[in-house]
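What follows is one structure encoded as structure tokens, with my remarks underneath.
Readers should treat all values here as calculations from the given coordinates under stated rules, not as data from a laboratory. Quick caveat: nothing in here was measured; it's all calculated off a predicted structure. Heads up, the Cβs are rebuilt from the backbone with ideal geometry, glycines too, and the neighbour counts pull from every protein chain shown.
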Amino acid sequence: MFIWRGNQNPFMTRDAAHLLPSTEPVTLIDPDGHPVPCDGHEMPDPQALVRAYAALITARRFNDQANALVRQGRLAVYPSSHGQEACQVACVQVLGDGDWLFPTYRDTAAIVARGVDPVQALTLLRGDWHSGYDPQATRVAPQATPLATHLLHAVGVAHAARLRGDDTVVMAVCGDGATSEGDFHEALNFAAVFRTPVVFFVQNNEYAISVPLARQTAAPSLAHKGIGYGIPGERVDGNDVAALLDVLGTAVDRARAGEGPQLVEAHTYRVQAHTNADDPSRYRESGEVTPWLARDPITRMETYLRGRGLIGADKIREYGAAADSLAAGMRAGLGDEPVADYRELFAYVYAEPTPQLREQMAVVADELSREEAR
Amino acid sequence: MPEKLTMANALNRALRDALRADDSVVVFGEDVGPLGGVFRITDGLTAEFGEQRCFDTPLAESGILGMAIGMAMNGMRPVVEMQFDAFAYPAFEQLVSHAAKMRNRTRGRVGVPIVVRVPYAGGIGGVEHHCDSSEAYYAHTPGLHVVAPSDPADAYGLLRAAVESPDPVIFLEPKKLYFSRAEADLSTPVPPIGQAVVRRDGTDATLIAYGPAVPVALEAAEAAAQEGRSLQVVDLRSIVPFDDETVCAAVRSTGRAVVVAEAAGFASVSSEVVARVTERCFHSLHAPIRRVTGFDIPYPPPKLEHVHLPSVDRILDAVDELQWEYA
Ligand SMILES: Cc1ncc(C[n+]2csc(CCOP(=O)(O)OP(=O)(O)O)c2C)c(N)n1
Ligand SMILES: [Mg+2]
């Protein structure tokens, strides 16, 4: 096992060079859809790429539909991952069934890519309950809004798995802003010291609401934050699903093999507002966004796959139709009726409601029955 | 079998027996491994159960609690130690936003059975940041259970119950009682979490206390008895869930009450007790309920803590003011 006595951490190494990220983010397919060779990294097999492409189409459609539902007042709020779909898709595709995903509020598309029912995945943002799916059954933790706090839970889940001797890996996702939170550092440190199988996946979309990356850190990159904890850091083009599959896949394999945690920073961009309630014109020029539109993760994959004859018009139509039916399911599933009963407000505070909670629930029941009688 | 032991012995035995009884129990925190904790509550556990069951972590309280939450989500029953009351504050966000809310957030699907042991309160001549009475912060947070034992037998029984609880439990260990000895039979079950007990019968007035204030209340009752006044003493044991039934029955039986607590009185557990009892027992009361609490000041330096802490005299003065002229 991996806990030690005295002052001998068998994993401590004075050799630091391998902990540093590459100077440029790993890219395997450039924005024009051309493959680029990259030392030490391999193009994933065609099957994996086609699967990722289909998931990208679905994720984009999910984002579009969710944005539309906000405009119609059927969702309270939606933090879109438009433009970040390659990250959303890849961090899930590299996981096995028994692995865990720890997402943030921005990662609903990843949760759906994991196989969670889209309507259940939107429970939080629709305002029905705080979380709508079963974390144990889906191996997806409730979406975290207190920034970086969930990274520690990810470490705990992974540590428990190691103690039991199973080979679960945990994918812990956060944004660039969250890397300034204390819990980010504590999570990396705990994961490193206990050598827990966690992949910390930072989607650096250059903004934390209105605050740009330069205000979060003076580090050369976010991936450089790994070295201080003895964790290897890697940078990857966050709009290149092929590179993401390779880098994240390797990190997951390493973690599963007992080689400890890894930090992966995906360089991407928040093309849309933070949420529908945000006004980016107050803090960034629209000209800043334009070049990123040309780096769209979907068009470059489509160009690459079509160029190699890996997909054709029929496949594209098929994936589009699947995405349409998912969107139709969202529209149909998100009705007006609340899914939860007021009694549930009291039912899940403790395993057994306290006498005081029973009294309070009775007060509401009485109020409601008098309202009905009126 | 009855034996004489300290609260520290009893807590250590409770952890040992819990680790023996259930493989999913793990103990961790700062210096809890080979050292056995700064108060030696985890003494010998690493030696007996190995470093996977009782281990030291890096020095970061939010990290300790956050990791405990994840381990609990994955089938473990973590028992974590916060080294001192005031050093638990870095873990506050994890407690309030996650430990307390996980069951609720997941609509009942995921509970986090964690025990957070907090060496707590003053009376030991500790320097600043080592003597806080932090119970109100926890008690104010729906989703947490908050308990405080006042003698070795209860310390053992409540800690075993806390480890078995499906909900997160803040376990407040009165530091000044760690090394006080008492007769206890650890094989005799204690009342469950959520029940208060009457520690001393009395007919004239009720003292309501918990944790470190209980022995002081008992002493005051003894002194009052010398003066011919019969004081009943209720030990809350469990702040959350609160035992309205036992407390109200006690107050109704005497018609007078004083709440005794070390914590500052403003917006405190003691204010809650007064409010609850007044709402429920108004017509049985012969006098307004009094409180004897710490003052609304940061915990004093060691040489002045005696000024701050509820004392027998202060309790007896409060009892004297319970409008006996109308008796
Ligand atoms: C502890 C905490 N502080 C503040 C907030 C409010 N808040 C929500 S999202 C956000 C920005 C986070 O930025 P980043 O981590 O880069 O993620 P992104 O939204 O860009 O995906 C802030 C400040 C919060 N959720 N949690
Ligand atoms: Mg960001």
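Quick one: dipole size for the protein assembly as shown, taken about the Cα centre, charges +1 on Lys/Arg Cβ and -1 on Asp/Glu Cβ, in debye to the nearest 20.
Values: 62 positive and 91 negative charges, 148 e Å.
Charge dipole, the protein assembly as shown, about its Cα centre: 720 debye, nearest 20.
Test of the criteria: in the range B:19-88, which chymotrypsin sites (Phe, Trp or Tyr not before Pro) are in a DSSP loop and have at most 16 other Cβ atoms within 10 angstrom of their Cβ?
none
Given the C-alpha centroids of the range B:26-86 and the range A:247-267, what is the distance between them in whole angstrom?
Each part's Cα centre sits 27 Å from the other's.
Across peptide B:89-96, how many C-beta atoms of other chains are within 10 Å of each residue C-beta, on average?
Numbers: counts 0, 3, 0, 0, 6, 6, 0, 1.
Going residue by residue through B:89-96 and averaging, the value is 2.
What is the spin-label model distance, in nm, from A:Y105 to A:D314 if the labels are put 7 Å beyond Cα along the C-beta direction?
Output for this residue pair reads 4.5 nm.
On a C-alpha basis, how far is the centre of the range B:288-310 from the centre of the range A:48-106 in Å? Whole number, if you could?
If we compute the Cα centre of each part, the gap is 55 Å.
Under a Cβ-Cβ cut-off of 14 Å, what is the net charge of the residues other than B:R276 that fall near it, where Lys and Arg count +1 and Asp and Glu count -1?
Numbers: positive: B:R252, B:R280, B:R291; negative: A:E359, B:D243, B:D244, B:E245, B:E272, B:E279.
The answer is -3.
Between the range B:268-285 and the range B:1-18, how far is it from one alpha carbon centroid to the other, in angstrom?
35 Å
Please report the antiparallel percentage of DSSP beta bridges with both residues in the range B:3-184, rounded to the nearest 5. Mind showing how you got there, number by number?
Values: 4 of 24 bridges.
Taking every DSSP beta bridge within the range B:3-184, about 15 percent pair in antiparallel fashion.
Give the long-range amide H neighbours of A:V26: residues separated by 5 or more places, or on another chain, with amide H under 5 Å away, using H modelled in the peptide plane at 1.01 Å from N.
A:R235, A:V236, A:D237
With labels modelled as points extended 7 Å from the Cα through the Cβ direction, what inter-label distance (nm, one decimal) is found for B:A249 paired with B:V127?
For the pair B:A249/B:V127, the computed spacing is 4.8 nm.
Looking at the P(r) of the range B:197-326, how many percent of alpha-carbon pairs lie beyond 24 Å?
Details: 1745 of 8385 pairs.
Across the range B:197-326, Cα pairs with separations above 24 Å total 21 percent.
Taking θ = phi - 60°, what integer Hz values does the Karplus form 6.51 cos²θ - 1.76 cosθ + 1.60 yield along the range A:232-244, in sequence order, with x for Gly and Pro?
Each residue of the range A:232-244 in turn: x, x, 9, 10, 9, 5, x, 10, 10, 5, 5, 5, 5 Hz.
Could you tally the net charge around B:G63, taking each other residue with its Cβ under 9 Å from the Cβ of B:G63, Lys/Arg +1 and Asp/Glu -1? Let's see the in-between values first.
Details: positive: none; negative: A:D183, A:E186, B:E61.
Result for the neighbourhood of B:G63: -3.
If you take each beta carbon of peptide B:140-152 and count the beta carbons of other chains within 10 angstrom, what is the mean?
Details: counts 0, 0, 6, 3, 2, 2, 0, 0, 0, 0, 0, 0, 0.
Neighbouring Cβ atoms belonging to other protein chains average 1 per residue here.
Once phi is turned into θ = phi - 60°, what whole-Hz ³J(HN,Hα) does the Karplus curve with 6.51, -1.76 and 1.60 give for every residue of the range B:75-82, x standing for Gly and Pro?
For the range B:75-82, the Karplus-derived couplings read x, 9, 10, x, 10, 10, 10, 8 Hz, x marking Gly and Pro.
Looking at the range A:321-374, which GluC sites (Glu not before Pro) are DSSP coil and have at most 10 other C-beta atoms within 10 Å of their C-beta? Kindly include the intermediate steps, with their values, before the conclusion.
Numbers: sites: A:E344, A:E359, A:E367, A:E371, A:E372; in loops: none.
Here no GluC sites (Glu not before Pro) fit, given the DSSP loop and packing criteria.
Looking only at the range A:17-340, where both bridge partners belong to it, what percent of the DSSP beta bridges are antiparallel (to the nearest 5)?
Taking every DSSP beta bridge within the range A:17-340, about 10 percent pair in antiparallel fashion.
Working from Cα positions, state the angle (0 to 90°, nearest 10) between the long axis of helix B:7-21 and the longest principal axis of chain B.
Once rounded, the angle reads 40 degrees.
At 7 Å along Cα-to-Cβ for each site, give me the label-to-label distance between B:D317 and A:R164 in nm.
Taking the simple label geometry, B:D317 and A:R164 are separated by 5.8 nm.
Counting partner chain Cβ atoms within 10 Å of every residue's Cβ in B:52-63, what's the average?
5
Where in the range B:241-264 is the amide nitrogen less than 12 Å from a point lying 7 Å along the Cα-to-Cβ axis of B:H286?
Flagged as within label range: B:253-257.
Count of lysine pairs in chain B with Cα atoms under 30 Å apart, counting only pairs 8 or more residues apart in sequence or on different chains? Walk me through the numbers on the way to the answer.
Details: B:K4/B:K175; B:K4/B:K176; B:K101/B:K175; B:K175/B:K303; B:K176/B:K303.
Close lysine pairs found across chain B: 5.
For the range A:86-94, what does the Karplus curve 6.51 cos²θ - 1.76 cosθ + 1.60, with θ = phi - 60°, yield as ³J(HN,Hα) per residue in whole Hz, taken in order and with x for Gly and Pro?
4, 5, 4, 6, 5, 5, 9, 5, 7
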